[in-house]
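*Asks:* One structure follows; several queries about it will come next.
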Amino acid sequence: RRYLDLTDLSSKEQAELIASRTVEVLPGVEKLAERIEERRAAGKGLHVKLGIDPTATDVHLGHAVPLIILSRFQRLGHDVTLIIGDFTAKIGDPSGRTAERPPLTDDDIAHNLATYREQVRPFFDFEKVSFRQNSEWLAPYTFPELLGLLAQVPASQLLQREDFRNRLAAGSGLTMTELLYPIAQGLDSVALECDVELGGSDQLLNLQMGRKLMELRGQRPQLVVTMPLIEGTDGTGAKMSKSKGNYVGLSSPADDVFGKIMSVPDRLMEPYLKAWTEWTDEEIALALGRVGDRSLHPMDLKKVLAGEVVAALYGLDAAMAARAGFVAQFSKKSFGDVESLPVVDAGEHGALTVAAVLTTVLEFTPSASAARRLAKQNALRLVVEGGSGQSTVVLAEADAVRPLSEVLAEKLSDA
Ligand code: TYR
């Protein structure tokens, strides 16, 4: 595969490229540029860390957001380490959690991490990625060492965290091991002497603990780079996660990746384009503007997006094949020969689900599940007639099982 080499960018350009799709760079983008400059002068790259806990078998597109930034660092000539948190997975990261995670056994973890390396391969110049499991240094860490360290960490620093405070207040239980999670993650940064650690914006406090521990151990604190959390494909607003089932696995077949991206609500196109393509903000704005003024159909932009994601994972040929497959399967009919159905009075039937309207009122689909399937294939469009004229919206699968009146109200307020 072709691999884009960006090593000739200046330190400032590098720092700005990294910062362009991140939430925060701490203590600042200039500091990142300075650190790059300094390492360069010594003929070296930065040590950049990203960790993933093997709490499930699939790595997914949510993880791809920091993975892509990590791969950018690599293209810029830096040394990247991917930590597979076999030790931290056993504690369970409490960041943003409202309850304890179900415990994982050693077997679960071994099973989960077996294919992690392969799953992230597409993003990297693979042979040059350093993979480390943090049990390597965390398992032999002794109690006296730990106490020596903890004696210097103010408890207030941990207990002030909103997620911890909420759980204490809600009486939902918070274990001592969870309190120590950020310490374990920070010790990884100490072990690797990281210059930079990446993570989702929910990782901020863990990443800052890394800075603190590095300082306590006489090292220069790492820079911290956070990325947006990506919403899941279900469009409910929840972040993409294994436990919600609203994710696209990095190792799902190309056709499934394509189809799943095609099924997401239109409003996710912007964050998804920002997360997984190399398009500039201007290019994204241009494309979305054309969707906005109806000179480009959202389905068509979504096909481009889905193609980009598949291409990133499987290459261009696979993307073209997936697209052709999708088009053959679902979009055979051109817009002109779409079947239009009789107008439905929302006042009378609004309480029924969209699927029920299609099945019982319009007798268009044989069953509610057939209606859902159509929606899943982006084949259902709702034409809304209101004061400001007519507008057409594509219904998502989730819309099919909601009351017509609710869907209408939402689409009208979106429009
Ligand atoms: N806490 C991170 C997460 O849950 C995973 C991680 C583990 C990150 C160890 C860094 C690290 O050193 O996503």
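*Asks:* Starting with the fewest neighbours, write out ILE261, ILE183 ranked by other beta-carbon atoms found within 10 Å of each beta-carbon.
*Replies:* Fewest-to-most Cβ neighbours within 10 Å comes out as ILE183, ILE261.
*Asks:* Given the C-alpha centroids of region 231-276 and region 344-415, what is the distance between them in whole angstrom?
*Replies:* Cα centres, region 231-276 to region 344-415: 22 Å.
*Asks:* Still on this structure, I have one more. From Cα pairs below 8 angstrom and at least 6 apart in sequence, can you work out the relative contact order of region 240-376, rounded to a whole percent?
*Replies:* For region 240-376, the relative contact order is 21 percent.
*Asks:* Of ARG220, ARG132, ARG211, how do they rank once you tally other Cβ atoms within 10 Å and put the fewest first?
*Replies:* The most exposed by this proxy come first: ARG220, ARG132, ARG211.
*Asks:* Separate question: Assuming a ≥ b ≥ c are the square roots of the Cα gyration tensor eigenvalues, decide whether region 149-248 counts as rounded (a/c under 1.5), prolate (otherwise, with a/b larger than b/c) or oblate.
*Replies:* Oblate shape, in that a/c is at least 1.5 and b/c is the bigger or equal ratio.
*Asks:* Moving on. Modelled label-to-label distance, GLN157 and LEU296, 7 Å Cα→beta-carbon offset: nm?
*Replies:* 4.7 nm
*Asks:* Using the number of other C-beta atoms within 10 angstrom as an exposure proxy, rank GLU30, GLU16, GLU127 with the fewest first.
*Replies:* GLU127, GLU30, GLU16
*Asks:* Could I ask something else about it? Given region 265-377 reduced to its alpha-carbon atoms as identical point scatterers, what log10 I(q)/I(0) does the Debye formula return at q = 0.11 Å⁻¹?
*Replies:* -0.51
*Asks:* Does region 125-174 classify as rounded, prolate or oblate by the C-alpha gyration tensor (a ≥ b ≥ c root eigenvalues; a/c under 1.5 gives rounded; else a/b over b/c gives prolate, otherwise oblate)?
*Replies:* Note, shape of region 125-174 comes out oblate.
*Asks:* So for each of 51-63, 312-324, 158-170 I average, over its residues, the number of other beta carbons within 10 Å; can you give me the resulting order with the highest mean first?
*Replies:* With the highest mean Cβ count within 10 Å placed first, the list reads 51-63, 312-324, 158-170.
*Asks:* Related question: Rounded if a/c is under 1.5, else prolate if a/b beats b/c, else oblate: with a ≥ b ≥ c from the C-alpha gyration tensor eigenvalues square-rooted, which is region 43-155?
*Replies:* In terms of gyration-tensor shape, oblate.
*Asks:* Which entries of LYS128/LYS242; LYS244/LYS411; LYS31/LYS212; LYS244/LYS274; LYS90/LYS260 show an alpha-carbon separation above 20 angstrom in the structure shown?
*Replies:* LYS128/LYS242; LYS244/LYS411; LYS244/LYS274; LYS90/LYS260
*Asks:* Can you list the HN-Hα couplings for region 78-89, worked out from phi with the Karplus curve (6.51, -1.76, 1.60; θ = phi - 60°), rounded to whole Hz and with x for Gly and Pro?
*Replies:* Listing the rounded values in order: 9, 8, 10, 10, 9, 8, 9, x, 5, 7, 5, 4 Hz.
*Asks:* May I pose another question? Looking only at the chain, where both bridge partners belong to it, what percent of the DSSP beta bridges are antiparallel (to the nearest 5)?
*Replies:* DSSP beta bridges in the chain are roughly 40 percent antiparallel.
*Asks:* Just to confirm a number: summing +1 for Lys and Arg and -1 for Asp and Glu over residues other than ALA191 whose beta-carbon lies under 13 angstrom from that of ALA191, what do you get?
*Replies:* -2
*Asks:* What's the percent breakdown of Cα-Cα distances in the chain across 10 Å bins, shortest bin first?
*Replies:* Distribution as computed: 4, 19, 27, 23, 16, 8, 2, 0 percent.
*Asks:* A follow-up question, please. So if I average 1/r over every pair of distinct C-alpha atoms in region 243-317 and take the inverse, what Kirkwood radius in Å does that give?
*Replies:* 12.8 Å
The numbers here are math on the coordinates, done by the rules we state, and not lab data. Keep in mind that this is a model prediction, so the values were computed, not measured. All Cβ positions, glycine included, derive from the backbone under ideal geometry; neighbour counts span all protein chains shown.
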